[in-house]
Amino acid sequence: MSYKPSYTVAEAQKKLEHYCAYQERCHLEVQTRLKTLGMIPRAQEEIIAYLVENNYLNESRFAQSFARGKFRLKKWGKERIERELKLRQISPYNIKLGLKEIEPDIYLDTLHELAAKFWKHHAHQTPIIRKKKVHDALKYRGWETQLIWACIEDLEKNTNP
């Protein structure tokens, strides 16, 4: 039989302080962590209230950090970022706040860079398949359909004489 340590509220609170200080967390991640520590619901509420009160846990800050990071590092589009934030039960207000962190000019430049990369990668394909592959790759990453097609049209104009 495996031994599972039990924690007092103070011990769990300390652990969660470190957990939240290490990187931004959402409420759902903290609740999941508290459940794995074996905390009862009342203790979970108490600890979450403490973390919010002492600014260890801030949903707005999480949404902003998440949006910036996923866009910059993984090159996700706004649709994917929004979907992922919704999965983490972030409020619509905080999702909007997070998406505002992405500069419109940089957003479009990133889309064009990604599209050009995929366009070049699928150069051996027939034109229709090439367009579909580029579209699908960008759509999977959460870019908006109208922006994708505009980008593909630009790439097509620039490669066909």
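Only the coordinates and a few stated rules stand behind these numbers; no lab work does. Computed from a predicted model, the values in this text were never measured in an experiment. Here Cβ is always computed from backbone atoms with ideal geometry, including for glycine, and neighbour counts include all displayed protein chains.
Within segment 66-98, being aromatic (Phe, Trp, Tyr) and under 16 Å from residue 111 (Cβ atoms) holds for 71, 76. State all residues of segment 94-131 that are closer than 17 Å to residue 24 by Cβ and out of contact with any Ser or Thr (no Cβ under 6 Å at 6 or more places or on another chain); if no residue qualifies, say none. Correct list: 95, 98, 99, 100, 101, 102.
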